[in-house]
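The values are calculated or read from the model by the stated rules, or taken from the named source; none is laboratory data. All values reported here derive from a predicted model rather than from experimental measurement. Glycine also receives a Cβ, built like all others from the backbone with ideal geometry; neighbour counts cover every protein chain displayed. Each accessible area value is taken on the protein alone, full model and side chains, heavy atoms only, with ligands, DNA and RNA left out. Shrake-Rupley method; radii C 1.70, N 1.55, O 1.52, S 1.80 Å.
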Amino acid sequence: MKLTIIRDNKEQVFEIPDGKYTVLEGLRYIKINLDRTLSFNQGCRSGVCGSCACIVGDKEVLSCKTFLNDGDVLKPLKNLVIIKDLVVSKDTIEENIKKFKTTIIENSNNQTSNIDVKKIDIQSNCILCQSCYSSCPVFSVNKDFAGPYILSRVLRYTNDKKEANQKAHIDLVQENGVWDCTLCGNCTLVCPEHLDPKNDIQLLRNISATYGYMDPNFASMSFSGGLDFTGNQNGFGFNPNF
Ligand code: SF4
Ligand code: SF4
Ligand code: FES
């Protein structure tokens, strides 16, 4: 079967034996038998290290957990610096981890129960594969945007009983954070660990509101200048009777 890899923005087609195997096994076949210069990341080969994420067709996947089909086209994750072939840099993510302080800021020394752990369980399953960053339209145009994985992680630490300073986490995600997301849901669709960053961002918006924050976009929206349903010229610009 045929497998196309986008390398350095050019297509390269490889012929590999027919069979049922994963994308990663196909890449390893090429590396061992056809082209030793091909570069890609692999670690656990069992879906837990997050290193092998790439795009197959149009979707971000873990190459070790995805079966290969004849004619598949593989490319590196989007929105990240390509180091070589399918290998992308993790620098932006590491910078964001520091910038948005996605660790405990002030230890509460609280005891935690199994129920407390369950509240942060899902977000703790993130394997840092970066698929959500690749799929995010906001991150594609604004590299200062905290991004889906970071915001899920902020919710995780905001809900962690060991964190004594919940507000510090919320303060840090007001700019280039919770209000910049378009809630498109791409991140949730591609996450191999079934995290739901879109929902986590909505929850962070709710928590932000409890600290007195509001969507800064509201300030630039005009609700005047139109007829409201009472006929007032400077009303809300909205008439529910029409
Ligand atoms: S829901 Fe928000 S964070 Fe997720 S991909 Fe869309 S814009 Fe990015
Ligand atoms: S949130 Fe999901 S898609 Fe994003 S880095 Fe973590 S595991 Fe990968
Ligand atoms: S090699 Fe570890 S997740 Fe694929």
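Remarks
- Computed lengthening from Asp215 to Lys99, 0.36 nm per intervening residue step minus Cα-Cα distance: 39.6 nm
- Relative contact order, percent, the chain [alpha-carbon distance under 8 Å, six or more residues apart]: 15 percent
- Binned Cα-Cα distance frequencies in segment 78-153 - 5 Å width, integer %: 3, 13, 22, 22, 16, 10, 7, 5, 2, 0
- Taking amide hydrogens as placed 1.01 Å from N in the peptide plane, the amide H of Tyr21 sits under 5 Å from those of Leu68, each at least 5 positions away in sequence or on another chain.
- The smallest convex shape that holds all Cα atoms of the chain, its convex hull, gives 184 Å³ per residue.
- In this simple spin-label approximation, Asp171 and Asn199 carry label points 7 Å from Cα along the Cα→Cβ vector, and these lie 3.1 nm apart.
- Probe 1.4 Å - accessible area at Lys119, Å² to nearest ten: 120 Å²
- 15 Å beta-carbon shell around Leu74, net charge (K/R +1, D/E -1): 0
- Overall form of segment 1-46 per C-alpha gyration tensor (a/c, 1.5; a/b vs b/c): oblate
- With a cut-off of 10 Å between beta carbons, the residues surrounding Lys2 carry a summed charge of -3, where Lys and Arg count +1 and Asp and Glu -1.
- Relative to the longest principal axis of the Cα atoms of the chain, the long axis of helix 197-210 lies at roughly 20 degrees.
- By accessible area with a 1.4 Å probe, ligands and nucleic acids excluded, highest first: order of Phe40, Phe100: Phe40, Phe100
- Acute angle (nearest 10 degrees) that the helix 148-158 long axis makes with the longest principal axis of the chain, alpha-carbon atoms: 60 degrees
- For segment 29-117, a Kirkwood radius taken over Cα pairs fed into Stokes-Einstein (4 °C, viscosity 1.567 mPa s) yields D = 81 µm²/s.
- Portion, in percent, of the accessible area of the chain that falls on carbon or sulfur, probe 1.4 Å: 52 percent
- Rolling a 1.4 angstrom probe over the protein heavy atoms with all chains in place gives the chain an accessible area of 55 Å² per residue.
- Solvent-accessible surface ranking, highest first, for Ile5, Ile82, Ile97 at 1.4 angstrom: Ile82, Ile97, Ile5
- If you count Lys pairs in segment 44-102 whose Cα atoms are under 23 Å apart, skipping same-chain pairs closer than 8 places in sequence, the total is 16.
- Mean ellipticity per residue at 222 nm, deg cm²/dmol - from DSSP H runs of n ≥ 4 across the chain, formula -39500 (n - 2.57): -7500 deg cm²/dmol
- Mean-position separation - Cα centroids, segment 1-54 and segment 91-128, in angstrom: 33 Å
- A Förster radius of 51 Å combined with the Cβ-Cβ distance from Lys119 to Asn33 puts the calculated FRET efficiency at roughly 0.60.
- Modelled spin labels at Val87 and Lys162, positioned 7 Å past Cα toward Cβ, are 3.3 nm from each other.
- Options Ile97, Leu38, Leu68, ranked by Cα towards positive dipole end of segment 1-110, top entry (Cβ charges): Ile97
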